Amino acid sequence: MSNSFCFDIVLPRDEICNQHEARDKIWAIVDAGQRLVLFGRRNTGKTSIVKSDIMERFATKHERGLVVFVDLMDTASEADFCVRLQRAFAVAISKSSSSRSIVNKVSQFMKQLKLSINIDQVTGLPSVDLGIGSEQTPIAFERTLGLIAEIHQDHQALLIFDEFQDISFVKSLPAKIRSALQLLPGDLPVLVLGSKKQLLSQMFADPRAPFASWGRHLELPPISAEDYHEYIHTKFKSFGLSMSLDLTKFLLNEMQQIPEAINIVCDKMTKMQTTKSPIDKNLIVQVIHLAVEERSSLFRERLHRFTEKEIQFLRQIALDQPVAKPFAKIFVSATRLSVGGLQSMVSRLENEAMIYRLEEGYVVNDPLLQRFLARGL
Ligand SMILES: Nc1ncnc2c1ncn2[C@@H]1O[C@H](COP(=O)(O)OP(=O)(O)OP(=O)(O)O)[C@@H](O)[C@H]1O
Ligand SMILES: [Mg+2]
């Protein structure tokens, strides 16, 4: 583990704080060739756990295996989905240690895609030339999935879809994908990740939904204060810093247990000349304030996509959160919006991952953005 706090990146395995129980559960399901929907709030480590831990475990166990990781964030159309799958498939082949034998198996497909595989003269490693031109018609995703299924028979495959809920913005695509996934071999593990709870539950929980009763479900739990404390303590040591467990709890609470926001604040503490050990509450409050200041132009940029009314609504959530009843009279009068207007706004802001529904009510998804909104733009 390094001394610095990481953010904005997919974490390497040794930088992931705890989550061992969840990681073992995910691995057990993948290893048994089953299907899993892994969900959790933004920036809680889903992608890192899957890319740096689960995929590595799979590659270690199945040296000749194929791991296809498809990012579906903002999927715009069925063609877009096909291209993303195609690219992910090509990348998976290039990374597989048995790429030569896989290429032979799917040679027809490679030709059609204008894919070529080259062996680097210096490193001896294979690389795949994607060759997907914009003018080219993408290969139907059913066909690519069929090839993955074929490869699975001899080599073992793992299929992962990140930000899966975003396919629900494309009309009739979820139902088509469901049918195609159903045709995959029963022992081919499929892992679906998502961060937008409302969309995921529309896809998976509603009995009439396309993915009703598909796979097992797991919500990534928050990291305990004790585990996070140890993680922070290990990194702080090399800076000569320390902090009590109570203050770690305070920081976690202020940052709504979101690891990325916690790491950003801790990183800032290690970089400030004036940080004295042991750290006190005032310093934490001050550093959170500075972290928000530093990001203010970024936040303004992010809010650009929203109407004035939406920003006003977000601000009200930031001030009152958690808001259990955003359609209640008090809230309606505070925002001066109609109930109908509020309903579609809530749904859009949830789909955009700007707000998140906890058991206690709605909150602004990003804890630092919440501070920015609450203090006034
Ligand atoms: N277990 C963890 N230990 C330490 N930091 C973490 C952990 N989980 C998440 N983080 C922090 O969150 C950041 C984002 O992680 P990651 O992209 O894996 O989350 P995610 O849940 O996939 O997010 P999103 O829903 O936005 O895709 C990391 O760069 C890191 O700062
Ligand atoms: Mg992610």
**Complete:** Which of THR60, THR44, THR270 fluctuates most in a GNM of the chain (C-alpha springs under 10 Å)? That residue is THR60
**Prompt:** In what sequence, highest mean first, do 210-216, 249-255, 92-98, 296-302 appear when ranked by Cβ atoms within 10 angstrom?
**Reply:** 92-98, 249-255, 210-216, 296-302
**Message:** Within 14 Å, Cβ to Cβ, of LYS329, how many net charges do the neighbouring residues add up to if Lys/Arg are +1 and Asp/Glu are -1?
**Reply:** +1
**Request:** Sort largest first and round to whole Å: the equivalent ellipsoid semi-axes of the chain, each the square root of five times a Cα gyration tensor eigenvalue.
**Result:** 39, 28, 19
**Message:** I want to verify a result. In a Gaussian network model of the chain, Cα cutoff 10 Å, which of these has the top mean-square fluctuation: PHE141, PHE327, PHE39?
**Reply:** PHE327
**Message:** Using a probe radius of 1.4 Å on heavy atoms only, what accessible surface per residue do you get for the chain? Whole Å² is fine.
**Reply:** 48 Å²
**Message:** Output wanted: per-residue J couplings in Hz (rounded whole) for the stretch 325-336, from phi through Karplus 6.51 cos²θ - 1.76 cosθ + 1.60, θ = phi - 60°, x for Gly and Pro.
**Reply:** 10, x, 9, 6, 3, 4, 5, 4, 6, 5, 8, 6
**Item:** Nonlocal amide H pairs with LEU158, under 5 Å, H built at 1.01 Å
**Value:** LEU66, VAL67, VAL68
**Request:** Would you look at the GNM of the chain, springs on alpha carbons closer than 10 Å, and say which of VAL91, VAL332, VAL37 moves the most?
**Result:** VAL332
**Asked** When we measure straight from the Cα of LYS176, which lysines land under 23 angstrom away, once same-chain ones fewer than 8 places off are left out?
**Response** LYS196, LYS197
**Prompt:** What is the stretch 1-115 by shape, rounded, prolate or oblate, if you read a ≥ b ≥ c off the alpha carbon gyration tensor as root eigenvalues and call it rounded for a/c under 1.5, prolate for a/b larger than b/c, and oblate otherwise?
**Reply:** prolate
**Item:** Unsatisfied cross-links (Cα-Cα over 25 Å) in the set LYS51/LYS268; LYS281/LYS309; LYS249/LYS276; LYS25/LYS281; LYS51/LYS249; LYS249/LYS325
**Value:** LYS51/LYS268; LYS281/LYS309; LYS25/LYS281; LYS51/LYS249; LYS249/LYS325
**Prompt:** Cα to Cα, under 19 Å, and not fewer than 8 places away if on the same chain: which aspartates and glutamates meet these conditions relative to LYS235?
**Reply:** ASP8, ASP14, GLU15, GLU226, ASP227, ASP246, GLU260, ASP267, ASP280
**Message:** I need the Kirkwood Rh of the stretch 225-294: take the reciprocal of the average 1/r across all distinct C-alpha pairs and report it in angstrom.
**Reply:** 11.8 Å
**Complete:** Amide H neighbours of VAL37 at under 5 Å, excluding residues fewer than 5 places away on the same chain, with H built from the backbone geometry, are VAL192, ARG216, HIS217, LEU218
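The values are calculated or read from the model by the stated rules, or taken from the named source; none is laboratory data. Just so we're clear, the structure is a prediction, and the values are computed from it rather than from any experiment. Glycine also receives a Cβ, built like all others from the backbone with ideal geometry; neighbour counts cover every protein chain displayed. The area values use the complete protein model at the heavy-atom level, side chains included, leaving out ligands, DNA and RNA. Shrake-Rupley method; radii C 1.70, N 1.55, O 1.52, S 1.80 Å.
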